[in-house]
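The structure appears below as structure tokens.
The values are calculated or read from the model by the stated rules, or taken from the named source; none is laboratory data. What you see is a predicted model; the values in this text were computed from it and never measured. Please note: Cβ atoms are built from the backbone with ideal geometry, for glycine as well, and neighbour counts cover all protein chains shown. We work out accessible area using only protein heavy atoms, side chains counted, and drop any ligands, DNA or RNA first. Shrake-Rupley method; radii C 1.70, N 1.55, O 1.52, S 1.80 Å.
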Amino acid sequence: MRPIRLPIALLIFSLGLAASALAEDGYRLWLRYEPIADASLAKSYRSAIGSIEAVATSDTAKIALAELERGLEGLLGGELKRTGATLLVGTGDAKHIAKLKLDLSGLGEEGYLLTRHKKNLVIAANTDQGVLYGVFAFLRQLQTQRPLENLHVETSPKVDHRLLNHWDNLTRTVERSMAGASIFNWFDLPYYVEPYYHDYARACASVGINGTVLTNVNSNATVLRPQFLEKVAALADTFRPYGIQVYLTARFSAPVEIGGLETADPLDPAVIEWWTDKINEIYTYVPDFGGFVVKANSEGQPGPQSYGRDHAEGANLLARALAPHGGFVMWRAFVYDFEIKEDRHKQAYTEFTQLDGQFEPNVSIQTKNGAIDFMPREPFHPLFGATPETPHTLELQITQEYMGGDIHLVYLAPMWEETLEADTFARGAGSTVAKVVDGSVFGHELTAIAGVANIGNERNWTGHPMGASNWYAFGRLAWDHQLSSQEIADEWTRMTFGNAPDVVATIEEMLLESHQTVVDYSMPLGLHHIMYPGHHYGPGPWHDQGRPDWTSTYYHNASEDGIGFDRTATGSDALGQYAPEVVEKWGTPESIEDKYLLWFHHLDWDYEMKSGKTLWNELCLTYQSGVDRVAEMGQQWDSLQGSIDAQRHARVAALLKRQLEDAKFYKDACLAYFHTFSQRPYPAGVNAPEYPLEHYKNFELYHVPGHPGEQW
């Protein structure tokens, strides 16, 4: 086939995208392709690019070329003029790329090369999928106004499977919903495929996400029925050209609930046959089905332990049936039993380390970043590095379940970076969580990372206009965990709000400080799980009803003699699950970082902190600093009025006002409660709670992020 040259017929995959150009409502996310205002820079780009030479035979290649034209037309205006320079786009076996004799051997199936070859610019890869990723990366260079003179970017993903986990129900409600209802319209599928599904896939592909789990971890067996598998197939067909595989959650009791069996015992021959047949059936609908995420024997979900079997026996049942098709199982490590009188922090480690080596090769333990449950800050999970024979899928939460939902501005990349860079010492210094997950520490070939999505049917996808930064950051870190949160924030800001220096500097500062800010006004100094029960929005440090490990008092242990959870050898000894080097660092209040202090230590209110202040004073001042920082963010954002479109500016301004009120309420409620034990005066610089404790304890929050009537 002859190479295609501009003009290329533009493929319009989404009516919604075209309509969104009429208003700056956030629908376009970071793929806005607004004209480059600097005329000199735009001219230099046009001169450098000239014309496009490419071959497009597959659907993926056609999407890549359409994206390239769309981006260049938006950024540079109109068609490119034919010049001596040419942008060469394609795979290594295309004639116009092959003649360049580029070394693409290290790029794998998804990597790409952006480079200069004499007068030409080149986007090259081994596959059309790599070309698509390369096109998005090239357009990112232009969106962020980077020079093309010495362009050379050679990259491939460090983790093979990079997935969004949607906690979406078949009824279109979303567990921990933060941005409206589910984007998946099951009722209309497969007869009607929403145009925005293409835009969802396009956004995911632009940051290298290559998988999506369509259903909630608290799963429903109905999705495994043929009537729903044909709906799953319609989504898979839509997403496939963008390089995205679909996955499902498997309800362990499905053989009983929809299969008519009397048991779901993983060793029962009839159960094995049922799952084998069901998985074979799934692949007739979706030939490239990725596999299952499974939540079993956790928080009421069925699992193998109901039949006296262990997690390995349960996971292997599914893994053996998936193996002939190339699928794999992500078996969640989020398991704990309140009947077991053991620190919840310890239970997953206890359960899974004793099973290391018993899992099939296509099983990965899906492990949260910390051992409790997506708290605003947690030390890294002790399971990372503790199972040399079993790989781990790192599970991160993009949605802000414990951090204000789609109301609060919280950029999560610094928190994820903290986890990824944490050293497990599993094979000596430098055995970071990132290197455990990417397989380099133990030589695992199965590598995966998952993010619990913050996406809903809100017009701007994530509710808060800043929430998309976390979707973007997850994809970028999943591709390359060595990227810094600052670099990612810079990219996203420029692509989303433009390249004006004051806009970029102000928004980057807000983003980079926002995570520490929410920690400070909610659960500082290692405090955790002190949120309101049920919806998890707002404070509830007094909560002490029901099963202990779902209360707040279980974790903060506030009393007249101090506060904090003793997880050293004198307490639960959860610290003992880490490597000796970590134990040495975190084993004493003097050596541990303040950010983890009360996670591992119970200390007197008058304990002298590194700052020289008492623990009580430090706690109060930290809460106050969080509130003050939210107020400063509001002022920073106000300073950008006129530099940002009115619609998005107004929405963020309104949300920051509510965040400030929420931060004050969080601070006041917690300090009023903890003061009943400390009985110390509030230090200078701290605003005392506005009301007595009973006001905060009796205050009912009815309007919180989440679907009305959702049962938590």
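Here is a list: S559, S591. Which entry is modelled with pLDDT of 95 or more, over 29 Å from E339 (Cβ atoms), in contact with a helix residue (DSSP H, G or I) (Cβ under 6 Å, 6 or more places away or on another chain) and among the small types (G, A, S)?
Sole residue among the options that is modelled with pLDDT of 95 or more, over 29 Å from E339 (Cβ atoms), in contact with a helix residue (DSSP H, G or I) (Cβ under 6 Å, 6 or more places away or on another chain) and among the small types (G, A, S): S591.
Might you check whether a residue that is among the hydrophobic types (A, V, I, L, M, F, W, C) and surrounded by fewer than 19 Cβ atoms within 10 Å (Cβ to Cβ) occurs anywhere in the stretch 550-564?
Yes, that holds for at least one residue.
Scan the stretch 152-163 for residues that are in contact with a helix residue (DSSP H, G or I) (Cβ under 7 Å, 6 or more places away or on another chain) and open to solvent by less than 20 Å² (accessible area, probe 1.4 Å) and report the count.
Residues in the stretch 152-163 being in contact with a helix residue (DSSP H, G or I) (Cβ under 7 Å, 6 or more places away or on another chain) and open to solvent by less than 20 Å² (accessible area, probe 1.4 Å): 2 in total.
Can you pull out every residue in the stretch 663-678 that is more than 16 Å from L621 (Cα to Cα) and out of contact with any strand residue (DSSP E or B) (no Cβ under 9 Å at 6 or more places or on another chain)?
Correct list: T676 only.
When both residues are 6+ apart or on different chains and their Cβ atoms are under 7 Å apart, which pairs have a first residue that lies in the stretch 232-259 and is on the phi > 0 side of the Ramachandran plot and at pLDDT 95 or above, and a second that is surrounded by 22 or more Cβ atoms within 10 Å (Cβ to Cβ) and not in a helix (DSSP H, G or I)?
G243/N210
Can you name the condition, by its number, that S514 falls short on among (1) at pLDDT below 95; (2) touching a helix residue (DSSP H, G or I) at 6+ places or on another chain (Cβ under 8 Å); (3) hydroxyl-bearing (S, T, Y)?
So S514 meets the others, but not (1).
Scanning for something within 26 Å of D406 (Cβ to Cβ) and open to solvent by 10 Å² or more (accessible area, probe 1.4 Å), does the stretch 220-229 turn up at least one residue?
Yes: one or more hits.
Filter the stretch 300-338 down to the residues that are basic (K, R) and either open to solvent by 10 Å² or more (accessible area, probe 1.4 Å) or in contact with a Cys (Cβ under 7 Å, 6 or more places away or on another chain) (or both) and list them by number.
Answer for the stretch 300-338, where residues must be basic (K, R) and either open to solvent by 10 Å² or more (accessible area, probe 1.4 Å) or in contact with a Cys (Cβ under 7 Å, 6 or more places away or on another chain) (or both): R309, R320.
Residues are listed down the side, and each one gets a yes or a no for (1) under 25 Å from E418 (Cα atoms); (2) open to solvent by less than 20 Å² (accessible area, probe 1.4 Å); (3) in contact (Cβ under 8 Å) with a residue 60 or more places away in the chain:
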{"site": "T462", "(1), (2), (3)": "yes, yes, yes"}
{"site": "E487", "(1), (2), (3)": "yes, no, no"}
{"site": "N499", "(1), (2), (3)": "no, no, yes"}
{"site": "L511", "(1), (2), (3)": "yes, yes, yes"}
{"site": "G538", "(1), (2), (3)": "yes, yes, yes"}
{"site": "P541", "(1), (2), (3)": "no, yes, yes"}
{"site": "P548", "(1), (2), (3)": "no, no, yes"}
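Could you list, in sequence order, all residues of the stretch 231-257 that are closer than 18 Å to Y307 by Cβ, open to solvent by 30 Å² or more (accessible area, probe 1.4 Å) and not in a helix (DSSP H, G or I)?
R251
Which is in a loop (DSSP other than H, G, I, E, B) and modelled with pLDDT of 95 or more, of E24, E34?
E34
I'm trying to understand the selection: among the residues of the stretch 175-217, which are of a type outside the set (D, E), open to solvent by 10 Å² or more (accessible area, probe 1.4 Å) and modelled with pLDDT under 95?
Answer for the stretch 175-217, where residues must be of a type outside the set (D, E), open to solvent by 10 Å² or more (accessible area, probe 1.4 Å) and modelled with pLDDT under 95: R176, M178, G180, A181.
Can you tell me how many residues in the stretch 670-693 are surrounded by 15 or more Cβ atoms within 10 Å (Cβ to Cβ) and within 15 Å of P541 (Cβ to Cβ)?
10
Does the stretch 512-531 contain any residue that is farther than 24 Å from T622 by Cβ, in a helix (DSSP H, G or I) and either polar (S, T, N, Q) or touching a strand residue (DSSP E or B) at 6+ places or on another chain (Cβ under 6 Å) (or both)?
No: zero hits.
List pairs: first residue in the stretch 391-403 and under 18 Å from S522 (Cα atoms), second residue part of a loop (DSSP other than H, G, I, E, B) and of a type in the set (D, E) anywhere in the structure, Cβ distance under 8 angstrom, at least six positions apart or on different chains.
Partner pairs satisfying both residue conditions: Q400/D406; Y402/D373.
Collect the residues in the stretch 464-476 that are part of a helix (DSSP H, G or I) and either open to solvent by less than 10 Å² (accessible area, probe 1.4 Å) or among the small types (G, A, S) (or both), keeping them in residue-number order.
A468, S469, N470, W471, Y472, A473, F474, G475
Results for (1) open to solvent by 10 Å² or more (accessible area, probe 1.4 Å); (2) closer than 30 Å to V504 by Cα; (3) without any contact (Cβ under 8 Å) to a residue 24 or more places away in the chain, shown as yes or no for each residue.
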{"site": "E593", "(1), (2), (3)": "yes, no, yes"}
{"site": "E608", "(1), (2), (3)": "yes, no, yes"}
{"site": "K613", "(1), (2), (3)": "yes, no, no"}
{"site": "S625", "(1), (2), (3)": "yes, yes, no"}
{"site": "R629", "(1), (2), (3)": "yes, yes, no"}
{"site": "G634", "(1), (2), (3)": "yes, yes, no"}
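Just the residues that are open to solvent by less than 20 Å² (accessible area, probe 1.4 Å) and touching a helix residue (DSSP H, G or I) at 6+ places or on another chain (Cβ under 7 Å), please, taken from the stretch 92-112.
L107, G111, Y112
Just for the stretch 445-460: of the residues that are over 20 Å from M403 (Cβ atoms) and touching a Gly at 6+ places or on another chain (Cβ under 6 Å), which one is least open to solvent (accessible area, probe 1.4 Å)?
Going through the qualifying residues, I end up with T447.
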